[in-house]
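Below is one structure, written out as structure tokens, with a few remarks after it.
The values are calculated or read from the model by the stated rules, or taken from the named source; none is laboratory data. These numbers come from a predicted model, not from an experiment. Here the Cβ positions follow ideal geometry from the backbone for every residue, glycine too, while neighbour counts run over all protein chains shown. Side chains included, ligands, DNA and RNA excluded: accessible areas come from the protein's heavy atoms. Shrake-Rupley method; radii C 1.70, N 1.55, O 1.52, S 1.80 Å.
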Amino acid sequence: MNSLSSRLAKLLRIARSKFALASARLRLRAGTLPSDLNLARGVVLAATDGGSVRFGVGTSIDRNATLIAKHGTLNFDAGAYIGIGAIIVCRSSIKVGRNALFAEYVTIRDQDHTIAPTGDKGRVGFTTSPIVIGDNVWLGAKVTVIQGVTIGNNVVVGANSVVTHA
């Protein structure tokens, strides 16, 4: 009986992943989604306002991650892993190399809000600058990467770090 229940559980996980992938394809008309993209529950993928998303083969996105390309280009090479609760928002360009590993709750944003000269904190606009993350990079838990950063190949960034420049 355990063998049957474990097989059914595995089939259910595969079906959920395939459903999530089909649903993501409908939302990402401008994106490229490989058939082996692994999407966990609660993943939000969106490409709006001319934005595009591309994933290389063997990419996995864990539970409750949010990936948004609004105006920009979000590009993951093969073998990338995006951890639980990660937030990646792109208005310009974010390029992630092969076999990159993002732990839980990593935040990557290639934009920042501008503030009016009068100090008014209302919606004024954005400044953007591309982000490039190299091959075999490991971003530890709760790492934040801000606009304009380039991280080279084979780099490990420790947990809770804020990466402001290379």
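Annotations for the structure displayed:
- Calculated FRET efficiency, residue 153 to residue 49, Cβ-Cβ distance, R0 = 41 Å: about 0.85 to the nearest 0.05.
- Dipole magnitude (debye, nearest 20) for region 33-140, charges at Cβ of Lys, Arg, Asp, Glu: 180
- Total charge dipole magnitude, region 69-115, about the Cα centre, Cβ charges on Lys, Arg, Asp, Glu only, Debye to nearest 20: 120
- Sequence ranges 65-76, 147-158, ranked by mean other-Cβ count within 10 angstrom, highest first: 65-76, 147-158
- Working ranking of peptides 38-51, 83-96 by packing, defined as the average number of other Cβ atoms within 10 Å per residue, highest first, is 83-96, 38-51.
- Selection among 58, 69, 93 by position relative to the dipole of region 26-166 gives 69 as farthest towards the positive end (Cβ unit charges, Cα centre).
- Taken per residue, the accessible surface of region 68-166 reaches 50 Å², heavy atoms only and a 1.4 Å probe.
- Computed from the Cα positions only, the extents of region 43-129 along the three principal axes stand at 48, 24, 19 Å, in decreasing order.
- Local net charge near residue 104, Cβ-Cβ under 14 Å (Lys/Arg +1, Asp/Glu -1): +1
- Applying 0.36 nm per residue to the separation of residue 41 and residue 115 and subtracting their alpha-carbon distance, the gain on full extension is 23.0 nm.
- Solvent-accessible area, 1.4 Å probe, carbon plus sulfur percent, for region 32-99: 49
- Computed Rg/Rh of region 60-108, alpha carbon atoms with Kirkwood Rh: 0.94
- The local environment of residue 129, defined by Cβ-Cβ distances under 14 Å, has a net charge of +1 under the rule Lys, Arg +1 and Asp, Glu -1.
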